[in-house]
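To start, the structure itself, in structure tokens.
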Amino acid sequence: MLPSFVDLSGLQLLVVSTAVGAGGLLVYFLLIRRRTKTKTLPMGDGWWGAGEKPLAEDEEIHPFQIETSDEEIKDLYMRIDQTRFTPSLEDSQFNYGFNNTHLQKVVSYWRNQFDWKKQVKLLNKYPHFKTKIEGLDVHFIHVRPSGLQEGHSAKPLLMVHGWPGSFFEFYKILPLLTEGRDGLVFEVICPSIPGYGFSEAPHKTGFDSIAAARIFYKLMQRLGFKEFYMQGGDWGGLITTNIAQMRPENVKGLHLNFFPVTKHNLRMLVSLLLGAYVPFLVGFTREDVKRIFPYFKKNVYEMLRESGYMHIQATKPDTAGCGLNDSPVGLAAYILEKFSTWTDKQFRDLEDGGLERKFSLDDLLTNVMIYWVTGSIVSSMRFYKENLNRNPGKRSDAKIGVCVPTGLAAFPNELLHAPLVWAQPRYKNVISYSYMLRGGHFAAFEEPELLAEDIRQFVKKVEK
């Protein structure tokens, strides 16, 4: 177990670091680099619509607008009014999940003050579209800059959300990217992952991040973009990574704010054993040490503590999702608890979960409503099963490096800090690695200014 290694004496540390650092690690990573240097991820093809694949598919892009009705809102209120609340334990805060005492306050606001019709108008602020790809209606927003200066063109940027987020996470960052600064302006495309929000859910098993990557690549081609930039976090980070592995010649640059590393466990193990004592030997910076130690053992426990949802969704999503799809309050508690803890784990010790320290209730409930009105919570949870139904280290994309220019933004309150040295075996061409000043898992939603600036600085480096 780890404690017996962590307590190594100084002499043992010197022997281990010399033998492993100078010999085994060098050979291991040279072999990894040689094996992944020229590989690309096979693109393949798929059909996720109902029934058999037709001879031809409608490839038109159709305008789409989000709508609501009095009947939809009436049904929501009726279900909210029938909710059975369970009293919270004394002094439990958010350590048992969403605190029910505070949940009643949030629900009261939702029932009596939240204006869904007003939020629908906000959602329709940007142009929405749908197009059929591999049998699925794929929803996306496409935001073009206005008033481009003469001689300047916009950089196409594909931004992909994760769970339990949505395209709405990007609404605060979009103006910062589509308004020109220093001659750099973006044309942004934000799709909904199939099975999330207004994108149709797959009708067949097996729809994973590679299938989503292929669909979004086809979307960008259909929109006429031969080369483009990408940005992602959570599942969006994996989907955009897969696109870069699949079609590197079309990807000018990849920017990620979530890049967990699951392979190269030998390197990670050795760096965890030695990093607190000789960080320079394993490639750690002082900031890496600060974020990982001396709380590593605690961080392992934190990951276990925060990953229960993943085990459920990766095994029996339809069973767990049944109740969430039927109860708006249950759905809100399940989703909003993540926006508390994943923003800052210390928020678990607050009675209100710190929800309004980074977000407004209107923003949070708008994201919940996107799941509610589309009935997409079950299909969004299935994405975990499709991606985790086998060893992630044995997936085809796990064996292939990413060679496109890559920018990594490490936010301090992310669920797990990934040092540059852990990312490099997979991301071969990292030209920007930033230790962000503040923020957690929902970067675009929490800290749009910081993320936008990091994207800009990354793209400037690529363009040079």
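Since every read-out is calculated from the coordinates, none of them should be taken as a lab result. All of these numbers come straight from a predicted model, not from anything done at the bench.
Laid out as a table, the results:
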quantity	calculated
Antiparallel DSSP beta bridges within the chain, as percent of all bridges there, nearest 5	40 percent
Spatially proximal lysines relative to LYS130 (Cα-Cα < 21 Å; intrachain offsets below 8 disregarded)	LYS53, LYS121, LYS204, LYS218, LYS226
Helical mean residue ellipticity (222 nm; -39500 (n - 2.57) per DSSP H run of 4+; nearest 500) of the chain	-12500 deg cm²/dmol
Two-decimal log10 I(q)/I(0) for region 322-377, as the Debye equation yields it once each C-alpha is a single scatterer, q = 0.18, 0.22 Å⁻¹	-0.59, -0.81
Across LYS172/LYS460; LYS172/LYS290; LYS74/LYS117; LYS345/LYS394, pairs whose alpha-carbon gap is larger than 19 Å	LYS172/LYS460; LYS172/LYS290; LYS345/LYS394
Semi-axis lengths (Å, descending) of the ellipsoid that matches the C-alpha gyration tensor of region 74-138	34, 17, 13
Rg/Rh for the chain, where both radii come from Cα atoms and Rh is the Kirkwood radius	0.97
Built amide H within the under 5 Å cut-off of GLU187, gap 5+	LYS155, LEU157
Using θ = phi - 60° and Karplus 6.51 cos²θ - 1.76 cosθ + 1.60, couplings along region 454-462 (whole Hz; Gly, Pro as x)	5, 4, 4, 5, 5, 5, 4, 5, 5
Mean shadow area of region 267-398, taken as a quarter of the surface of its Cα convex hull (nm²)	10.4 nm²
